[in-house]
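Peer 1: This is the structure I have questions about; it appears just below.
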Amino acid sequence: MSRSVTVEVPATSANLGPGFDSLGLALSYYDEVTVSLAEDGVEIEIEGEGVELAELGEEHLIVKVFRQAWARIGGADGPAGLRLHCVNRIPHSRGMGSSSAAIVAGITAARALHPQGAEFSEDAALALATEIEGHPDNVAPCLAGGLTIAWTGPDAATKLVRLDVDVPVTVFVPDQRLATERARGLLPESVTHADAAANSARAALLIAALTSKLGYDVLLDATEDRLHQSYRAPAMPGSAALVERLRRAGVPAVISGAGPTVLAFGWPTPGWPETDTGNGWDMHRLNVSPYGARVQPRACRTR
């Protein structure tokens, strides 16, 4: 007897300019992961991104997270065997939350298949996802959808607030990959008080701009960053240059997550600087996803 579940998880964009390690946005671009319990062994099939990872077996991130979540829910032994089928659309190592999507997919599948999974709360899922990922800014919107503000409370627990946002976005995905660890390694240990204050004001303005009708001009000011993008620019000069060109033309553009994908608020129109975007970018017109990870209808079955 085997049981299986299919989970849909959205791409995400973190930071959004000034909201370093705190703001995240779920995007209407999804991976689908089917996890099946089996008698023994691990078999993995992958379509799309990351096909080379199918040979990892027990070391595959989704498998590892699934077993960790299963043990956290209750029952360290877990299922003897797993079958994994992934349809991966989210680009890997591009700043669109592919690792967070894998982590959230593993946790969500474990919650759906474990006999006591319903008792594992959303807060517990967020805590485990943050523990594995290291930062909550991508896992929060992947779990909750919409725009999320994530932080660590006095009790060291990760918390989030989810806000509804209806704004189109365009992502420009380059061929270049950039590991998050390398991008983080370029950040200084300290910044000036003036830069920190500027980012604090811009982050507050950005939340107001995205959740109201303050207008495009406000979004341009609200997406200004002084904490991380300039320091990371040497690792992704093409992305940094595209952000600069778009912003100079009046388009609110930022580095998505740790990069090198560029995210711009709005969809290209005749007013956009089409000739300035250059070639070599895989462009996607997306919306903010109103939902995070979810089990596909009728996907959980016994046979």
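Peer 1: Within the range 48-76, which residues are of a type in the set (Val, Ile, Thr) and exposed (fewer than 14 other Cβ atoms within 10 Å of the Cβ)? Please lay out each step first, then the result.
Peer 2: Of all residues in the range 48-76, those of a type in the set (Val, Ile, Thr) come to 51, 62-63, 65, 73.
Within the range 48-76, Val51 is the sole residue that qualifies.
Peer 1: Something else now. How many residues does the range 165-199 contain that are in contact (Cβ under 8 Å) with a residue 12 or more places away in the chain and of a type in the set (Asp, Glu)?
Peer 2: 3
Peer 1: I'd like the residue in the range 139-184 that is surrounded by 14 or more Cβ atoms within 10 Å (Cβ to Cβ) and among the small types (Gly, Ala, Ser) and, out of all such residues, is nearest to Tyr30 (Cα to Cα).
Peer 2: Among them, the one singled out is Gly145.
Peer 1: Now, a different point. Which condition from (1) in a helix (DSSP H, G or I); (2) farther than 27 Å from Gly280 by Cα; (3) not acidic (Asp, Glu); (4) not assigned by TED's automatic domain parsing to the domain that holds Gly266 is the one that Asn199 breaks?
Peer 2: Going through the list (1) in a helix (DSSP H, G or I); (2) farther than 27 Å from Gly280 by Cα; (3) not acidic (Asp, Glu); (4) not assigned by TED's automatic domain parsing to the domain that holds Gly266, Asn199 breaks only (4).
Peer 1: Another question, then. Considering only the range 185-215, state which residues are within 17 Å of Leu147 (Cβ to Cβ), exposed (fewer than 14 other Cβ atoms within 10 Å of the Cβ) and within 24 Å of the chain's Cα centre (by Cα).
Peer 2: Selection gives Ala204, Ala208, Ser212.
Peer 1: A further question on this structure: Failed condition for Gly250, given (1) at pLDDT 95 or above; (2) not in a helix (DSSP H, G or I), with all others met?
Peer 2: (1)
Peer 1: Of all the residues that make up the range 68-91, how many are modelled with pLDDT of 95 or more and either part of a loop (DSSP other than H, G, I, E, B) or not assigned by TED's automatic domain parsing to the domain that holds Ala14 (or both)?
Peer 2: 3
The values are calculated or read from the model by the stated rules, or taken from the named source; none is laboratory data. Treat the numbers as computed from the prediction; the structure is a model and nothing was measured. With ideal geometry, Cβ positions are generated from the backbone for all residues, glycine too; neighbour counts draw on all protein chains shown.
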